[in-house]
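Data block below; observations after.
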Amino acid sequence: MRKVLVGASALSLIFLACAADSSSGSNGSHVSAGSKNVDLLMVSKCLDNGLGGLAKRADSGELDKAYLTQDEDGNYQILVPELSDYCGIDAQFKSKRSGDTLEIWFNLEEAAVTSCMCAKDHLFNIKADDADAKYFKYSGDVFKVTSEAAPVRPEIEEPTIPDVPEFSESDPHQEVTDVIGLCRADTEENEKLLSNKFLNADDWGDFLERDSSKTISFARTHSDGENVVLVFEATFSCDEKVTSVKVFPSGDTLYVKPKITKLESVKLEPNEGCECITRAAFKLKNEGVYADARYMVFGNHMERVYTLKTGTKQ
């Protein structure tokens, strides 16, 4: 299971950073003195496969660029396009000035971060005293600060994700309670379920296939007599559990409607979010249109269509 913690600040993609005040010594070099809160903004969403290509990577032996900018109020900022980082961070950032280098970092042991990483445009608010820095360091990477015009990322239109077809209770379907769908699956509790038998038969890498144009998500199928178990990756809220599913066939696709209940054992603070990416599984009677299906959709939206693929034999 891969957990993703999402706090209120992470949802807004705005995080507090703690930056050191700096003053000039007798030799003109900067030394740290005290601290001051500033903002760090993740100014783009995760960029799949480096979409946009705004970051012009330097040739070998040269440093990539960090752009010195000013906002409408005249405050100084440093923009680093397409910087590889955690998808979400909830942390207190610190900064220090050493000569010509301004560095910002955070203590990973004291932070809440997502398990996924991606490329995002980062915008660091800095003080006017640090606007003359020639180099910028973040997360081990060093950039050369430039006053050249910063690249502008065009707005990317969000695709419209359609809802799944409507089904009535009178439509042919299977309803099963042999389901595993929660963030913390207790294997001992679920040993009696056939879906548990095949939950870990496949490796994590067996559920995705990527090429230059798209990502294919798989639901792995495991036959056991008259039954088949579908195992797949899904995202769940930490305080929710799938107790049963209704599976409606249509054409070559299985539309899975989960029934979700709250877990009394998991308590979240007000406005706190918590999600995980984990494996889910459920059992079906392997017959007729269910046996012939090629695709599966889990939930009420077509966010991820799974391609059915035979799983690893045990």
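Residues in the range 204-220: is at least one surrounded by 14 or more Cβ atoms within 10 Å (Cβ to Cβ) and not in a strand (DSSP E or B)? Yes, there is a match, as at least one residue in the range 204-220 is surrounded by 14 or more Cβ atoms within 10 Å (Cβ to Cβ) and not in a strand (DSSP E or B).
Mind checking which residues of the range 72-112 are over 24 Å from the mean Cα position of the chain (by Cα) and assigned to a loop (DSSP other than H, G, I, E, B)? Those that are over 24 Å from the mean Cα position of the chain (by Cα) and assigned to a loop (DSSP other than H, G, I, E, B): E72, D73, G74, N75, G99, D100. Test Y306 against the stated conditions and say whether it is assigned to a strand (DSSP E or B), at pLDDT 85 or above and within 23 Å of the chain's Cα centre (by Cα). Yes; evaluated as a whole, the condition is true for this residue.
Condition check for E240 on (1) out of contact with any Ser or Thr (no Cβ under 6 Å at 6 or more places or on another chain); (2) closer than 24 Å to E287 by Cα: one failure, at (2). Tell me, which residue of the range 160-184 that is surrounded by 13 or more Cβ atoms within 10 Å (Cβ to Cβ) and more than 21 Å from K246 (Cβ to Cβ) is modelled with the lowest pLDDT? Filtering first and then ranking leaves R184.
Taking each residue of the range 298-314 that is among the hydrophobic types (A, V, I, L, M, F, W, C) and looking for partners that are in a loop (DSSP other than H, G, I, E, B) and loosely packed, with under 11 Cβ neighbours inside 10 Å with beta-carbon atoms closer than 6 Å, six or more apart or interchain, yields M302/I161; M302/P162. Every condition in (1) farther than 30 Å from L47 by Cα; (2) surrounded by 14 or more Cβ atoms within 10 Å (Cβ to Cβ) holds for D252 except the one numbered (2). Among residues of the range 82-111 being surrounded by 18 or more Cβ atoms within 10 Å (Cβ to Cβ), among the aliphatic types (A, V, I, L, M) and farther than 19 Å from K65 by Cα, the one that is modelled with the lowest pLDDT is A91.
Every residue in the range 220-241 that is among the β-branched types (V, I, T) and within 18 Å of the chain's Cα centre (by Cα), please. Walk me through it before giving the result.
First pass over the range 220-241, keeping only residues among the β-branched types (V, I, T): 221, 228-229, 231, 235.
Result: T235, single match.
The values are calculated or read from the model by the stated rules, or taken from the named source; none is laboratory data. Note that the coordinates shown come from a computational prediction; the quantities given were computed from them, not determined experimentally. A quick note on method: Cβ atoms are made from the backbone with ideal geometry, for glycine too, and the neighbour counts reach across all protein chains shown.
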